[in-house]
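A short write-up of the structure that comes next.
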Amino acid sequence: MTKIIAFESSADETSVAIVEDGHIVLSNAVATQINSHQRFGGIVPEVASRHHIEWITRVLDDALDAAQVRPEDLDGVAVTYGPGLVGSLLVGLMGAKTFALAHDLPIIPVNHLAGHIAAANFNVPIIYPALALMVSGGHTELVLMTSENNFAVLGETRDDAAGESFDKVGRLLKLPYPAGKTIDEMAHRGQATIKFPTAMAHEDNYDFSFSGLKSAVINYVHHAEQKGETVDHNNLATSFQNAVVDALIGRTRKALKDYDVKSFVLAGGVAANTQLRDELDVLLSQFPKTTFIPVPREYTGDNAAMIGAAGYWNFKQHIFAGLDLNTNPGLDFELLNK
């Protein structure tokens, strides 16, 4: 049994977890900063870094206590080194390095995006080849995995990520940050009375675009205000969310038709969206040879457990780093050469 302690601090969650064999979560301590950033409508990097410094040792102690694991029981230290906010990443990286040095453990560098996908193993094991839809505040990508720990991007967003568009529309409607969960709840109370555009729907690729949709929503609200009309926010939320989900479903359907895969993973913060999960469930019923594996809702947001899952992949492949490991804020998967 391989036990890995993992550190995650790429954005506004400080988290330390202990994961066994890549799929058993022994502990997952998370300190969120949502309340600190809500008044700004988004993450303030300097504020986030300061909170990570305050919380890193506390969540470390919590994770060890909850798992009832001693440092000598561990086999490695996994840590997110990118992508993310450079100041935030540095706090987790230094915490992981310090712990590894103090207890003579190997450092395992982990791509944050790989962590989101690896968290599907907390549901059922990923079967390869696999296709993953990574949907978060900073990324929207369709990723092909021909084997474990092997990633190639089929398509990605040309501008705003899906989660980013939720937060921008949320600010327009004066909703609390992050807005995704609130818009999802509102959408279930409204009607799709507005037809918003689905960008790139007919293009022969797997890319996404949400900037035009965001602008269409803003223009609709501003136009209504100028005419003195009242906008039903629930109907707006329903219409907006339908457009986002339609775009995600459309590109996913194309990829599933073009690639013969054994499993399909839904990952990232937006993977918690109820409508997206339900419509993907319907879509995957049309591909009976492909198993639908959504990441469990409790692991869709940023957390260290997912970093421990991806760290296990690297551990098995002897992918380690030295104390000179640095952050890579713009880290991403490689594009598939077509």
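The values are calculated or read from the model by the stated rules, or taken from the named source; none is laboratory data. Note that the structure is predicted; figures quoted are calculated from it, not measured. A quick note on method: Cβ atoms are made from the backbone with ideal geometry, for glycine too, and the neighbour counts reach across all protein chains shown. Ligands, DNA and RNA are stripped out before the accessible areas are found, and what is left, the full protein with its side chains, is counted by its heavy atoms. Shrake-Rupley method; radii C 1.70, N 1.55, O 1.52, S 1.80 Å.
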>> Can you give me the convex hull volume of the Cα atoms of region 83-203, divided per residue and expressed in Å³?
In response: 179 Å³
> Cross-link partners among lysines for residue 97, C-alpha distance below 21 Å, same-chain residues fewer than 8 apart left out?
Replying inline: 3, 316
>> Using the basic label-point model (7 angstrom from Cα toward the beta carbon), what is the residue 323 to residue 277 distance in nanometres?
In response: 4.4 nm
> Relative contact order for the chain: what is it in percent, counting Cα pairs under 8 Å that are at least 6 residues apart?
Replying inline: 26 percent
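At a 1.4 Å probe radius, carbon and sulfur cover how many percent of the accessible area of the chain? Spell out each step's value before the answer.
Values: 7260 of 14510 Å².
Ligands and nucleic acids excluded, carbon and sulfur give 50 percent.
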>> For a test of the definition: using alpha carbon positions, the gyration tensor, and the 1.5 limit on a/c, classify region 1-154 as rounded, prolate or oblate.
In response: oblate
>> I'd like the antiparallel share, as a percent to the nearest 5, of DSSP beta bridges with both residues in the chain.
In response: 55 percent
> Hey, which lysines would be in cross-link range of residue 254, C-alpha to C-alpha under 26 Å, not counting anything within fewer than 8 residues on its own chain?
Replying inline: 195, 214, 262, 289, 338
> Looking only at 241, 191, 317, which one moves most when the chain is put into a Gaussian network model with springs between Cα atoms under 10 Å?
Replying inline: 317
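With an 8 Å Cα cut-off and a minimum separation of 6 or more residues, compute the relative contact order for region 128-259 in percent. Provide the component values of the computation, followed by the final result.
Numbers: 221 pairs, mean separation 32.3, N = 132.
Normalised by residue count, the contact order of region 128-259 is 24 percent.
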> Gain in length, residue 215 to residue 101, computed as 0.36 nm per residue apart minus the alpha-carbon separation, to one decimal in nm?
Replying inline: 36.1 nm
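In nm, what is the difference between 0.36 nm times the number of residues separating residue 298 and residue 50 and their Cα-Cα distance?
Numbers: separation 248, 0.36 × 248 = 89.28 nm, distance 2.52 nm.
The residue 298-residue 50 span can extend by a further 86.8 nm.
About its Cα centre, what dipole magnitude does the chain give when the only charges are +1 on Lys and Arg Cβ and -1 on Asp and Glu Cβ, stated in debye to the nearest 20?
On the way: 25 positive and 40 negative charges, 137 e Å.
Roughly 660 debye, rounded to the nearest 20.
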> Under a point spin-label approximation (7 Å from Cα along Cα-to-Cβ), what is the residue 66-residue 229 distance to one decimal in nm?
Replying inline: 4.8 nm
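Want the number for residue 58 to residue 201: 0.36 nm per residue separation, take away the alpha-carbon distance, what's left?
Details: separation 143, 0.36 × 143 = 51.48 nm, distance 4.69 nm.
This chain segment gains 46.8 nm when fully extended.
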>> Just to be sure I understand: with springs between alpha-carbon atoms less than 10 Å apart, which residue in 238, 274, 230 has the highest mean-square fluctuation in the Gaussian network model of the chain?
In response: 230
> So which trypsin sites (Lys or Arg not before Pro) in region 134-222 are both in a DSSP loop and have at most 11 other Cβ atoms within 10 Å of their Cβ?
Replying inline: 174, 195
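Quote the relative contact order of region 76-120 in percent (integer), defining contacts as alpha-carbon pairs under 8 Å separated by 6+ residues.
Working: 50 pairs, mean separation 23.1, N = 45.
Value for region 76-120: 51 percent.
Report the Stokes-Einstein translational diffusion coefficient (µm² s⁻¹, integer) for the chain, Rh taken as the Kirkwood radius over Cα pairs, at 10 °C with viscosity 1.306 mPa s.
Diffusion coefficient, whole number: 78 µm²/s.
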> In the full protein assembly as shown, how much of residue 297 is accessible to a 1.4 Å probe, in Å² to the nearest 10?
Replying inline: 110 Å²
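Can you work out the accessible area per residue across region 1-160, with the rest of the protein chains kept in place, probe 1.4 Å, in square angstrom? Write down the numbers at each step before the final one.
On the way: 5950 Å² over 160 residues.
Ligands and nucleic acids excluded, the figure is 37 Å² per residue.
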> Which Cα, out of 313, 293, 335, lies furthest along the positive dipole direction of region 291-338 (beta carbon charges, K/R +1, D/E -1)?
Replying inline: 293
